[in-house]
Amino acid sequence: MHYLIRGFYKKIIHPVDPAFFMTGYALKSVLACVAALFAGMGLQVPNALLQWGVFGAFIVMLSRAGDSYRERQRVALRVIFISALLVPLSTLVGNTDLLREAYVFLLAFFAFFGAVLGLPAMITGLGILLLNLFALGDPDTLSAGGDRALLVMMGGVIAYGVNFFILPVYPRRILRKAGSSALTDLGDYFRVVAESIEEKHSLEAVDKFRDRARKSVRRYREIMEAMNMDPMAGLDRNEGPTALYAILVRMLTAVINLNQNSRFDKASPLYDGVRQAFSALAVDATVSFERLAQNLSGGETPDPAPMDRAVDELENRLLELGAYKRGDAVREEFLEIWGIIHALRNLAQELETLGHLRIGGRA
């Protein structure tokens, strides 16, 4: 029980995590289906047809795809109207074995072919396929199919209202919060790595912050997957949630590599100079990470220059030490530190890229 509660806490509650939207989505899906059921009962729909209003609501709530609020609206509308148009035909075709088999084949073909056109098209096709399979499994007259279509429309419109107006979910807003949380944890991880050279933190503490940052980045990906986000949308334009995820992964990798290569010998003549520069770097990097995290949460676009200036200071300090003139042993250590500076420069470039990232509006 202890491990269950601890796992729930880490995954859902800490940090304050937008993954709670999944619970809200499940609740409003139930609400939409119940509302469609009561609406049918209020209209005195025969008991044999009540389920079709619920089917319409269920399909709309199930068909969540698209990288923005408006695109999800379009997907839901397509599912409602195309399904309603096809349900009467499906109801009639279900009476004939040969036609039913051919019809199922065509529906399945176009549904799975939609995957080639992108995730929204695939979700639309699968929603339409599922609803029409219900109709094929309960064949009736064309008139009965028309009644079913009207109820599907009613349930779909109710679910549409619940999903997009009464209890709306804004995918990009949620992912901005998740990205801000991940970036904050990455900043904390970088800070303890930079300060560990002065032995301000134990290796266990550094590992703790690494695990937290890793889990935050993984959580961001899991939220993207739960929202059925296109994993390549906007990546080439440095735009959208996928581009943010790519940057977070690269930054996590860069800090992990830095941690693995930032062990220096206290007896080295380079130690004091590098230690002081790293201390200043930790402070400036923390400022950069915090400002970028605030930017993702709706703040002003920050200037990532403090991180660049700190890396420049470290580079200049190392050159002033003249390590390459002090013999092979010191020269080798100088080259190792120079490699770390190169890694830090890459990290600074990622921070600059993140500063120019366009994740989109509130939707």
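Show me the helices (runs of 4 or more DSSP H) found entirely inside segment 47-159 where at least 3 residues are more than 27 Å from Ala35 (Cβ to Cβ) and in the same structural domain as Leu27 (by TED's automatic domain parsing).
Details: elements: 50-62, 69-93, 97-113, 119-136.
In segment 47-159, the matching helices (runs of 4 or more DSSP H) lie at 69-93, 97-113, 119-136.
Residue-by-condition table, conditions (1) within 30 Å of Gly240 (Cβ to Cβ); (2) of a type in the set (A, V, I, L, M); (3) more than 33 Å from the chain's Cα centre (by Cα):
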| site | (1), (2), (3) |
| --- | --- |
| Ala57 | yes, yes, no |
| Ser68 | yes, no, no |
| Val79 | yes, yes, no |
| Tyr103 | no, no, yes |
| Leu107 | no, yes, no |
| Ala115 | yes, yes, no |
| Gly125 | yes, no, no |
| Leu129 | yes, yes, no |
| Phe134 | no, no, no |
How many of the residues making up segment 160-172 are part of a helix (DSSP H, G or I) and either touching a helix residue (DSSP H, G or I) at 6+ places or on another chain (Cβ under 7 Å) or surrounded by 19 or more Cβ atoms within 10 Å (Cβ to Cβ) (or both)?
6
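For every residue, the table says whether it meets (1) in the same structural domain as Glu71 (by TED's automatic domain parsing); (2) modelled with pLDDT under 70; (3) closer than 24 Å to Arg214 by Cα; (4) surrounded by fewer than 17 Cβ atoms within 10 Å (Cβ to Cβ).
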| site | (1), (2), (3), (4) |
| --- | --- |
| Ala254 | no, no, yes, no |
| Gln260 | no, no, yes, yes |
| Ala267 | no, yes, no, yes |
| Gly273 | no, yes, no, no |
| Thr286 | no, no, yes, no |
| Gln294 | no, no, yes, yes |
| Glu300 | no, yes, no, yes |
| Asp303 | no, yes, no, yes |
Which residue pairs have Cβ atoms closer than 8 Å, lie 6 or more positions apart in sequence or on different chains, and pair a first residue in segment 83-101 that is closer than 13 Å to Phe134 by Cβ with a second residue that is surrounded by fewer than 17 Cβ atoms within 10 Å (Cβ to Cβ) and β-branched (Val, Ile, Thr)?
Thr91/Thr141
Give the residues of segment 62-87 that are closer than 26 Å to Gly146 by Cβ and either in contact with a Lys or Arg (Cβ under 7 Å, 6 or more places away or on another chain) or among the basic types (Lys, Arg) (or both), sorted by residue number.
Arg74, Arg78, Val87
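Among the candidates Arg100, Arg64, Arg74, Arg70, which residue alone is of a type outside the set (A, V, I, L, M) and over 23 Å from Val169 (Cβ atoms)?
Values: Arg64 fails: over 23 Å from Val169 (Cβ atoms); Arg74 fails: over 23 Å from Val169 (Cβ atoms); Arg70 fails: over 23 Å from Val169 (Cβ atoms).
Only one candidate passes the filter, namely Arg100.
The values are calculated or read from the model by the stated rules, or taken from the named source; none is laboratory data. This structure is a prediction, so every number in the text was calculated from the model and none was measured. All Cβ positions, glycine included, derive from the backbone under ideal geometry; neighbour counts span all protein chains shown.
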